[in-house]
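Novice: This structure is in C-alpha cells; I'll ask about it shortly.
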Amino acid sequence: MKRVLSLVFLLWGFLWAEQGYIIVQETKGKEAHISMESKSVVYLTKSAMRIDTESVMKMDTGNIPEEMKKQMPREIKRKTSTIQRISKGKVEIYSIDHQKGTYIDFSSTPEFIIIGFMSAFIKCDRQTGECHINKNAFKPTNEFKNINGYKARKIIIKTQGMHPGMDNIEMATWFTKDNKNLVNAERLRTDLMIKSAESTEFGKNNSKLIKELKVFLNNNIKKYGAPIKWEMPSGEVTIISVKSEDIKSSVFEVPKNYKKVLPPF
C-alpha cells in the first residue's frame, strides 16, 4: 500500500502544473576578440524560474600570432540551465551544465544570484552601512521606438551597485506596456525575486528596505510596463516572444542522473 501511495504522489508531482509564462530571448554581444550569440527560454511561475540557454562563442583570431591560433578553439558551444525555486519558505538555486552532466547547488549562498537583482536599485553608504532605494538609478527618457511590434520607451538604468568598488553600470532599457503577457510575467518575476531576496541574510536584516523595493519596482511596472530590450556597450538582449502556459513542476527539477560538483571558488 505504501509503495502504491508513493507512486501516486510521484506521478502527481510529475503531472502537476502551475500557470506561468514561457519567455524566449536572444542575446548578441562582442568584447575584445570574442563575439557571443545565445538563445534563452525562461519558464516562470509564482514559485519557480528556469532559464535554459544555448550559446555560441566565436573567436576573432585575425590579429593573434599563428602559434596561439593553433591552441585556441574557433568556436565554443554551451548548453546550460539555471533553476531558482522557493521550497518550504527557502530559496533553492542550481546551475546546470548539460554538456558535462553536472550541477552546482548554490542554495546555501543564494546571494550569489539574488544580490545582482537587488543591487540595481539599492545603494549602501560605505561609512554607515545603511542602505536605501536608489530611485535616481531609474531615468525615463522621451525616446520611443517600435520593438517586435510593440511601442517601447527608453529608460536609462545607471547604478554603482550595493557596495563600493563595483563599476558603474549603465544600460538603455526599453520598456513596453503594450505586451500584456510580458507585463504580467514581469510582475510575477519581480514577486518571485522579492520573495527570494527576503530569504537571504541581507533581506532578513533589511525587511523594510525589501518591502520598499517591491513597491518601487511594482510602481515602475504600472507606469512603464516591462523591459523588452536591454542595450549595453558589450551587446544587447531582446525578448522575442512570451506566452501564458501551464508549466509542469518537473521542469524545475535537476536531472536525476546529473552529478553534483563544487563551485569554482
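Novice: Between a first residue in segment 213-224 that is assigned to a helix (DSSP H, G or I) and a second residue that is polar (S, T, N, Q) and surrounded by 15 or more Cβ atoms within 10 Å (Cβ to Cβ), which pairs have beta carbons less than 9 Å apart while being 6 or more apart in sequence or on different chains?
Specialist: Short answer, once both residue conditions are applied: Lys214/Thr190; Leu217/Thr190; Asn218/Thr190; Ile221/Thr190; Tyr224/Thr176.
Novice: Output yes when any residue across segment 238-253 is polar (S, T, N, Q) and under 17 Å from the mean Cα position of the chain (by Cα), and no when none is.
Specialist: Scanning segment 238-253 turns up at least one residue that is polar (S, T, N, Q) and under 17 Å from the mean Cα position of the chain (by Cα).
For every residue, the table says whether it meets (1) surrounded by 12 or more Cβ atoms within 10 Å (Cβ to Cβ); (2) at pLDDT 95 or above.
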position: Ser199; (1), (2): yes, no
position: Gly203; (1), (2): yes, no
position: Asn218; (1), (2): yes, yes
position: Ala226; (1), (2): yes, yes
position: Met232; (1), (2): yes, no
position: Ile247; (1), (2): yes, yes
position: Lys256; (1), (2): no, no
position: Lys260; (1), (2): no, yes
position: Phe265; (1), (2): no, no
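Novice: I'm trying to understand the selection: among the residues of segment 116-133, which are part of a loop (DSSP other than H, G, I, E, B) and over 27 Å from Lys180 (Cα atoms)?
Specialist: Within segment 116-133, Asp125, Arg126, Gln127, Thr128, Gly129, Glu130 qualify.
Novice: Then there is this: Please work out which residue is surrounded by the most Cβ atoms within 10 Å (Cβ to Cβ), limiting yourself to segment 25-59 and to residues that are closer than 14 Å to Thr82 by Cα and aliphatic (A, V, I, L, M).
Specialist: Met49
Novice: Is it the case that Glu236 is touching a residue at least 12 places away in the same chain (Cβ under 8 Å), acidic (Asp, Glu) and either surrounded by 18 or more Cβ atoms within 10 Å (Cβ to Cβ) or closer than 30 Å to Gly89 by Cβ (or both)?
Specialist: Criteria not met by Glu236.
Novice: Can you tell me which of Leu209, Leu182 is buried (at least 17 other Cβ atoms within 10 Å of the Cβ), of a type outside the set (Asp, Glu), in contact (Cβ under 8 Å) with a residue 60 or more places away in the chain and more than 24 Å from Thr80 (Cα to Cα)?
Specialist: When all the criteria are applied, what remains is Leu209.
The values are calculated or read from the model by the stated rules, or taken from the named source; none is laboratory data. Note that the structure is a prediction, hence the values are computed from the model and not measured. Cβ: placed from backbone, ideal geometry, glycine included. Neighbour counts: every protein chain shown.
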